[in-house]
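Q: Have a look at the structure that comes next, please.
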Amino acid sequence: MRIAVFDTKRYDRSGLEEAAGKFGYELTFFEDRLNHNTVPLVAGHDVVCPFVNDRLDRAVLEQMAKLDVRHVALRCAGFNGVDIVAAAELGIAVTRVPAYSPEAVAEHVFALLLTLVRKTHRAYQRVREGNFSLDGLVGFNLHGRTFGVIGAGKIGVAAMNIAKGFGCRVLAYDRYPSAERAAQIGCEFVDIDTLLAQSDIISLHAPLTAETHHLINATALAKMKHGSVIINTSRGGLIDTKALIKSLKTGQLAGVGLDVYEYEEGVFFEDLSHQALKDDMLARLTTFPNVMITSHQGFLTDEALAAIAHTVMENIADYQNGQPLVNAVKPGA
Ligand code: NAI
């Protein structure tokens, strides 16, 4: 089995190599992302293994089908980069890694959140410059605050569990709320307007779909509490970035933590330190002292990387052996 692995970096190769070795699979690593220009590289492979910012639209998938590649084994949970309908029509199976370590992402939510509310990013810089003043560093307790989650799935639940440990009241908005799940999780399911109005912290964990695109827009932001914090570790497109910047300028938000960004493709995961940042919105976001941006590293723990690599190889083995694809992504998912 020859697998073309796209958008790879040093940190994800060793885990994939180790897992592939156990299955006897051969990997070809490409640093490039899979798209119209790079699709010829899949020739001679049986499977492609893309990551979050590879773009497998209909034209790319058609090229892959012509090159006889019939399996897309995503090494991430989100599948918004693949035209699932086109893949099904072309007879290309798509699998993903639905859960590897929800805790890795949920813990990153709190890395961002605590940095923002206790201003440790500013304290770190100050102390290194010999400035031991506390002016401007007043934060707020998480204890007693309301933590609202949009998308009470695996990561959302892991984040709520951590929030409960801090002593937060926990609210959730999900497309499929149920009293049973609320009792299981220990949260209150509310409608989105209640969540927006009552939460001190809002953490986004719904997938990016046509329905959730710009879920946090100017209207939603206006419904949020003055002085609230928003954290997005899901997908950038959930937030209308223009509206977010406007809100930040008015001082309505106390903090914004972004591990994902609407236009992150081609920027996140890359070292662009030798050139000017071309994205004016991203450049503007980096100027706010109360905005903390990380470049999609929620998944980046030893535990998550090993689990991702293992599930990818299991998905490929299932495909190779004609077994049911338990992690298949199908139209309408
Ligand atoms: P999940 O599938 O377990 O949970 C998603 C939840 O969102 C479900 O409960 C679903 O009912 C809900 N949902 C779907 N559509 C909705 C809507 N329109 N409104 C409200 N709720 C809706 O997914 P999981 O594993 O918790 O992952 C969530 C997202 O996190 C993924 O879609 C992915 O985009 C992102 N992610 C980010 C990572 C990072 O490194 N920053 C790593 C892994 C995932």
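Q: Name the residues in the range 141-151 that are farther than 21 Å from Leu221 by Cβ and open to solvent by less than 40 Å² (accessible area, probe 1.4 Å), would you?
A: Leu142, the sole residue that qualifies.
Q: What is the residue count in the range 1-51 for residues that are of a type outside the set (Gly, Ala, Ser) and open to solvent by less than 10 Å² (accessible area, probe 1.4 Å)?
A: Count: 13.
Q: If you don't mind, there's one more thing I want to ask. Could you say whether any residue in the range 176-185 is assigned by TED's automatic domain parsing to the domain that holds Leu114, buried (at least 21 other Cβ atoms within 10 Å of the Cβ) and touching a residue at least 12 places away in the same chain (Cβ under 8 Å)?
A: No, the conditions are met nowhere in the range 176-185.
Q: Something else about it: Read through the list (1) surrounded by fewer than 17 Cβ atoms within 10 Å (Cβ to Cβ); (2) more than 12 Å from the ligand (Cβ to nearest atom); (3) of a type in the set (Val, Ile, Thr), then give the number of the only condition that Ile192 fails.
A: The single condition Ile192 does not satisfy is (2).
Residues checked against (1) in the same structural domain as Ile192 (by TED's automatic domain parsing); (2) within 14 Å of the ligand (Cβ to nearest atom); (3) open to solvent by less than 70 Å² (accessible area, probe 1.4 Å):
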site	(1), (2), (3)
Val127	yes, no, no
Gly139	yes, no, yes
Asn161	yes, yes, no
Arg169	yes, no, no
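Q: Follow-up question, since we're still on this one. Yes or no: the range 74-82 includes at least one residue that is within 19 Å of Leu27 (Cβ to Cβ), more than 10 Å from the ligand (Cβ to nearest atom) and hydrophobic (A, V, I, L, M, F, W, C).
A: Yes: the range 74-82 contains one or more residues that are within 19 Å of Leu27 (Cβ to Cβ), more than 10 Å from the ligand (Cβ to nearest atom) and hydrophobic (A, V, I, L, M, F, W, C).
Q: Follow-up question, since we're still on this one. In the range 52-76, what count of residues is obtained for those that are in a loop (DSSP other than H, G, I, E, B) and open to solvent by 30 Å² or more (accessible area, probe 1.4 Å)?
A: 5
Q: Could you check the range 1-51 for strands (runs of 3 or more DSSP E) lying wholly inside it with 1 or more residues that are touching a residue at least 12 places away in the same chain (Cβ under 8 Å) and within 19 Å of Glu265 (Cβ to Cβ)?
A: Fully inside the range 1-51 and qualifying: 2-5, 47-49.
To keep it simple, each residue is scored yes or no on (1) assigned by TED's automatic domain parsing to the domain that holds Leu142; (2) among the aliphatic types (A, V, I, L, M).
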| residue | (1), (2) |
| --- | --- |
| Lys246 | yes, no |
| Asp259 | yes, no |
| Asp279 | yes, no |
| Leu285 | yes, yes |
| Ala309 | no, yes |
| Lys330 | no, no |
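Q: In addition: Could we say that Ala210 is without any contact (Cβ under 8 Å) to a residue 24 or more places away in the chain, part of a loop (DSSP other than H, G, I, E, B) and either surrounded by fewer than 21 Cβ atoms within 10 Å (Cβ to Cβ) or among the basic types (Lys, Arg) (or both) here?
A: yes
The values are calculated or read from the model by the stated rules, or taken from the named source; none is laboratory data. Note that the structure is predicted; figures quoted are calculated from it, not measured. For neighbour counting, all protein chains shown are included, and Cβ atoms are generated from backbone atoms with ideal geometry for every residue, glycine included. Surface accessibility is based on the protein's heavy atoms, side chains included, excluding ligands, DNA and RNA. Shrake-Rupley method; radii C 1.70, N 1.55, O 1.52, S 1.80 Å.
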